[in-house]
Each structure stands twice: as structure tokens, then as C-alpha cells.
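**Q** Quick one: the structure is below, questions incoming.
The values are calculated or read from the model by the stated rules, or taken from the named source; none is laboratory data. All figures in this text were calculated on a predicted structure; none of them were measured in a lab. Note that we place each Cβ from the backbone using ideal geometry, even for glycine, and neighbour counts take in every protein chain shown.
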Amino acid sequence: VLQRSGHQGTGSDMARSFSSYGQRISGPQVGAIAVMSRGRRGGHVGVVSGIDASGNPIIVSGNHGNRVAESVYSRGRIYAYVMPTS
């Protein structure tokens, strides 16, 4: 998605590499990359597509049930939001 929109990625396959990518923002914003923990198995990233009534981010991500899907994630699971920079 980043490449198609004219941005570079981090150069790493590690989700946590996105925690220092772009410009960090304080909360969910449509278009931001959400970086989240996945317990001992590593991390996960996705793009914020909205915010539900409880303030939880709605995130589009791959590898979600072996497909690309949109889902609500608990805001407590997100440890960084970053916006791509030009």
C-alpha cells in the first residue's frame, strides 16, 4: 500500500520497525499506520480506516484470518500510530 501511494516502507519485515517510521501521532487517524503487539509472537500493522464509537481503531490489515480484512482492534493493543511522510 505504501509503495502504491508513493511512499517507501521500512525495509524490514518486522512490524515493530514501523514504530519509528514516518511521523508519530498521538492517536488514531484515518490513513495512519497502527503498530500493535501480538503477544510473544511478534507484532502486526495495519492502516486505520476509521474509529468506532468507543474510540477503538478500525484497521485494514493483511494476514488477518489469512486474508485482507477490516476489523476493530482494542485501542489498548496499539502502541504507536505513525503517518507516512513524503
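**Q** Taking the stated definitions as given, is SER71 outside any strand (DSSP E or B), over 23 Å from HIS7 (Cα atoms), polar (S, T, N, Q) and at pLDDT 90 or above?
**A** Numbers: outside any strand (DSSP E or B): no; over 23 Å from HIS7 (Cα atoms): yes; polar (S, T, N, Q): yes; at pLDDT 90 or above: yes.
Taking the combined requirement at face value, the residue does not satisfy it.
**Q** Please enumerate the residues belonging to the range 1-37 that are touching a helix residue (DSSP H, G or I) at 6+ places or on another chain (Cβ under 8 Å) and surrounded by 13 or more Cβ atoms within 10 Å (Cβ to Cβ).
**A** Once the filter is applied, which keeps residues that are touching a helix residue (DSSP H, G or I) at 6+ places or on another chain (Cβ under 8 Å) and surrounded by 13 or more Cβ atoms within 10 Å (Cβ to Cβ), the range 1-37 yields THR10, PRO28, ILE33, VAL35, MET36, SER37.
**Q** I need every pair where a residue in the range 1-16 that is over 13 Å from VAL47 (Cα atoms) has its Cβ under 7 Å from the Cβ of a residue that is of a type outside the set (Phe, Trp, Tyr) and in a helix (DSSP H, G or I), sequence separation at least 6 or different chains.
**A** Short answer, once both residue conditions are applied: THR10/SER17.
**Q** Which of the following residues is surrounded by 14 or more Cβ atoms within 10 Å (Cβ to Cβ), among the hydrophobic types (A, V, I, L, M, F, W, C) and more than 12 Å from the chain's Cα centre (by Cα): ILE78, ILE58, ILE51? Write out each step before concluding.
**A** On the way: ILE78 fails: more than 12 Å from the chain's Cα centre (by Cα); ILE58 fails: more than 12 Å from the chain's Cα centre (by Cα).
Unique residue meeting the criteria: ILE51.
**Q** How many residues, within the range 1-51, are part of a strand (DSSP E or B), in contact with a Gly (Cβ under 8 Å, 6 or more places away or on another chain) and of a type in the set (Val, Ile, Thr)?
**A** Selection size over the range 1-51: 4.
**Q** What are the pairs with Cβ atoms under 9 angstrom where one residue, in the range 37-54, is touching a residue at least 40 places away in the same chain (Cβ under 8 Å) and the other, located anywhere, is assigned to a loop (DSSP other than H, G, I, E, B)? Sequence gap at least six, or different chains.
**A** VAL47/VAL1; VAL47/VAL30; VAL47/GLY31; VAL47/ALA32
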